[in-house]
Amino acid sequence: MQITMDYTHLPFDRLLVYCTMQDLFGVSMVVPLLSLHVKSLGASPTVAGVVGSSYGILQLFSSAVVGHIWGHFHGGGDFAVSQTLAVPCFPQGCWSDVVGRRSSLLACILLSALGYLILGASTSVFLFALARVPVGIFKHTLSISRALLSDLVAEKERPLVIGRFNTASSVGFILGPMVGGYLTELDGGFYLTAFICFSVFILNAGLVWLFPWSEVKLNSTKNGLLLGKSHALLGKTDCEVQEAATRHGTTVSGKPARLPWMEVVSTLRDMKSLIVSEMWDIFLVRLLMGVAVMLYYSNFVLALEERFGVRPKTTGYLISYSSALGALAGFTLGPILRLYKHNSHTVLLHSSVLTFTLLLLYSTAHTMGIVVFSSTLLSFSTAIGRTCITDLQLTVGGAQASGTLIGMGQSVTAVGRVIAPLLSGVAQEVSPCGPPSLGAALALMAIIVMSVSRPRCGGDGSDKLKSE
């Protein structure tokens, strides 16, 4: 008897959520082990920092203007907020709008898989750096999945589906470090871990390819377009629909299409007007706190091994434990905001003070008990801080520019991913405690900036927290 699988009965949003969980499971197996692996290849901390920054640089340049472009192609609004920034952008404009959502998602998955395959074969620093190139450019699978969910799901069902998406992300990142830490202690464990990550991406690519996209309905709140229902568009792929929509030089939102360099100039102009005039302090706080937390995680596995002799398997359990607490932190946010009368600025200030204290405590810890204690509370303080800083961006910048604001916020985070590995490498030349100590100093600078700018950007009791 021949058994066939009928994918037409599999809800597409659940397929994306499942792929997202696998995606982050594979990535979180590998990422915490990168500092150990590059050290085993003979790289100095500074060289490792330079190599690590390549990922952030490539991410920054491959996704810097998407928040603005998305507003033109999809009319901004909730869609731009939900999918945020990082969808690959190429000379044709927004890549996923030109070649089709399935093609762009498949390309990103397969080329990211190539990067992890090269990483699994990296026996030199050069190959290690080369492996980060395709991942840095094309690892936008999560953002494209968010974009697809926004297209495919009815507006009233979107919060539930996005909630599932975020939960799947958390579950993947909880399980990955445990498995990766266990495997890395085996003979050739890192290479096995990287190959498993490669296999996970290939599996995701197969699921996306096998799913019958002609059956998927693409919803648009602007024009009511439904693939699969419209007689004129029945049986067409999303790529064909995008081609039809742009054939006469217009975007989906009906606005005239603009050349890529015009989009870049427009985005830079918007960023200058928002950052220089009134948003500089909020984005500076986001950058400082983001880099501070990245420094804490940058050499976490390596530092625990050097300072306390902790094996990667045990550290993997600790990372998974912290990830689980970070996911639970979202449930505490509501009561905390009610306690603070929805003053997001005060919540952010106090969570930043707690983060500064815990980073300082971790960097001076002499026992693993203190490390576990600081990691436990850091999971809550950083999760709450990320949400509050996003709310402040939207409160001060205004809801009409929400897509651009969140896109710019992600660009600031991408800049942090460039800076943090460099600072971490230099600080590790001094001591394994250098990166978290430097992170504590940056967190203190952010607290000073917030204290000085408090009268201007402080929230009031009427502000409602927006979902990040």
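Run through every distinct alpha carbon pair of region 300-377 and return the Kirkwood hydrodynamic radius in angstroms, one decimal place. Please list the in-between numbers first.
Numbers: mean 1/r = 0.0714 Å⁻¹.
Every distinct Cα pair counted, the radius reaches 14.0 Å.
Separation between the Ser453 and Leu41 pseudo-spin-labels, each 7 Å from Cα along Cα→Cβ, expressed in nm?
3.7 nm
For the residue pair Ser199 and Tyr18, what label-to-label distance in nm results when each label sits 7 Å from Cα along the Cα-to-beta-carbon direction?
Using points 7 Å along Cα→Cβ, the separation is 1.8 nm.
What FRET efficiency do you get for Phe61 and Val426 if R0 is 30 Å and r is their Cβ-Cβ distance, rounded to the nearest 0.05?
Details: r = 23 Å, r/R0 = 0.77.
So the FRET efficiency works out to roughly 0.85.
Just order 385-396, 313-324 by mean Cβ neighbour count inside 10 Å, highest at the front, would you?
385-396, 313-324
How much length is gained if the chain between Leu127 and Met445 is pulled fully straight, taking 0.36 nm per residue apart and subtracting their Cα-Cα distance, in nm to one decimal?
Using 0.36 nm per residue and subtracting the Cα-Cα distance, I get 110.8 nm.
Which order do the peptides 42-52, 176-186, 24-34 take when ranked by the mean count of other beta-carbon atoms within 10 Å per residue, highest first?
Those peptides, ordered most packed to least, come out 24-34, 176-186, 42-52.
Values in this text are rule-based calculations from the coordinates and carry no lab data. What you see is a predicted model, and the numbers here were worked out from it, not measured in a lab. When we count neighbours, we look across all protein chains shown, and the Cβ atoms used for this are built from the backbone with ideal geometry, even at glycine.
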